[in-house]
1. So what are the ³J(HN,Hα) numbers for the stretch 146-153, from phi and the Karplus equation (6.51, -1.76, 1.60; θ = phi - 60°), rounded to whole Hz, Gly and Pro as x?
2. From the phi of every residue in the stretch 234-249, what ³J(HN,Hα) in whole Hz does the Karplus formula 6.51 cos²θ - 1.76 cosθ + 1.60 yield, where θ is phi - 60° and glycine or proline is x?
3. Only bridges with both residues in the chain count here: give the DSSP antiparallel percent, nearest 5.
4. In whole Hz, with x marking every Gly and Pro, tabulate ³J(HN,Hα) for the stretch 178-186 from phi via Karplus 6.51 cos²θ - 1.76 cosθ + 1.60, θ = phi - 60°.
5. Considering only 32, 106, 128, whose Cα is most displaced toward the positive end of the charge dipole of the chain, charges sitting on Cβ of Lys, Arg (+1) and Asp, Glu (-1)?
6. Going by average Cβ neighbours within 10 Å, how do the peptides 105-117, 264-276 rank, with the highest at the top?
7. Apply the a/c threshold of 1.5 to the C-alpha gyration tensor of the stretch 131-191 and tell me whether it is rounded, prolate or oblate.
8. Can you give the net charge of the other residues whose Cβ lies under 12 Å from the Cβ of residue 13, counting K and R as +1 and D and E as -1?
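We did not get these values from a lab; they are worked out from the coordinates using the rules stated. Worth saying up front: this structure is predicted, and the values here are computed from it rather than measured. In this analysis, Cβ positions are derived from the backbone assuming ideal geometry, glycine residues included, and neighbour counts consider all displayed protein chains.
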Amino acid sequence: MVDVIIEENKSLVGLQTFGLKAQTKYFGTFDSVQALRSLIEKGISPMMVLGGGSNILFAHHYKGLIMQNLIKGIEVTKHFKQSVHVRTGGGHNWHDFVLWAVQSGYGGVENLSLIPGTVGASPIQNIGAYGVEVKDVFVSCEAINLETGKKRIFRKIDCQFGYRDSIFKREAKGKYVITSVTFTLTKFTHQLKTAYGDVVKQLEAKGAWPKPSIADISEAIQFIRKSKLPDPAQIGNCGSFFKNPEVPEEIYQKIKQRHENAPCYPTTPGMVKVPAGWLIESCGWKGKRVGNTGCYAKQALVIVNYGDAEGAEVLQLVQDIIASVQAEFGIKLEPEVQIV
Ligand code: EPU
């Protein structure tokens, strides 16, 4: 057992990127598995783990114990001819890990630059951007069971990764704390992914096309993200609030009869993804402010807090957007963000 401090009635404002006014009854941090086990042994119920707080909406005050993961550190655990395995602490900042990889010359995560949050949260919703998802580089993770304190290794196959989805959002939801993740990264021959959106255009603009390095790609993607997505330090937000819905092609064809330029991306045969940002924008929400909250003017998928919002009013806006997209297009948007 190691000593851990439990704070009472702690404000959550600075602990989540939405910056919503909410409190937790109990709060503690851990920087090792032993400290985590000591927190679990306090027997407070309910309990939950917070990483960077970048994908969570506190609609109410929390009545139990919130534990913040501060387990950091990066270690190369295996060297192969063409690749390395790297184990990173679950509480390590995701973007700092990406910068470390790029600076070390290791490829695979450069497209995931500037995603807020922690390494331990990355497999939970299988974070993704610009044609890469965390599952593409994931080897395994170590997790501690919140009821028993026992360690379990989840291999890639165990995680059942899908689009912004994994076992940690389903059967294993709320049951484990991810204390470290092992990734596989390339050493010399990198699999560069530049086909998505404006990536090539941005690489051309910086004179790095047609032979970009992983550092060029990381910088281009940081530039694109900064131009579209609000910085949580300036305006509270959780990135994309909704998932892009996948629908049968007939539904998309019906939309197209009324909206000739409706975008879509084919996924599996007979199915397409329709950008939720486009659906929301078409319903007139983009840039609209409702009290202390609103839909971001440069990217309709992002819900923002203008300073003093409470979870309940953000949730109301979210429900109104879902209802209006459903009424207009017959498609039910699903939040990507975890609502507590
Ligand atoms: N669009 C609009 N209006 C908008 C926003 C988007 O019409 O206000 C349409 C446009 O047709 C645009 C298309 O949506 O071409 C795609 O937009 P964008 O490339 O910005 O990507 P996204 O689908 O809105 C997804 C991820 C982002 C990720 C980007 C880039 C989801 C839910 N979101 O957004 O992830 O950065 O692609 O890969 O899949 C996040 O998860 O928090 C996140 C930011």
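1. Whole-Hz 3J(HN,Hα) from phi for the stretch 146-153: 5, 8, 9, x, 7, 7, 9, 9.
2. 9, 9, x, 6, 10, x, 4, 8, 10, 7, 6, x, 9, 10, x, 4
3. Given both bridge residues lie in the chain, the antiparallel proportion sits at roughly 80 percent.
4. Karplus-based 3J(HN,Hα) across the stretch 178-186 equals 7, 9, 7, 10, 9, 10, 10, 10, 7 Hz.
5. Towards the positive end, the residue furthest out is 106.
6. By packing density, highest mean first, the sequence is 105-117, 264-276.
7. oblate
8. Once positives and negatives cancel, what remains is 0.
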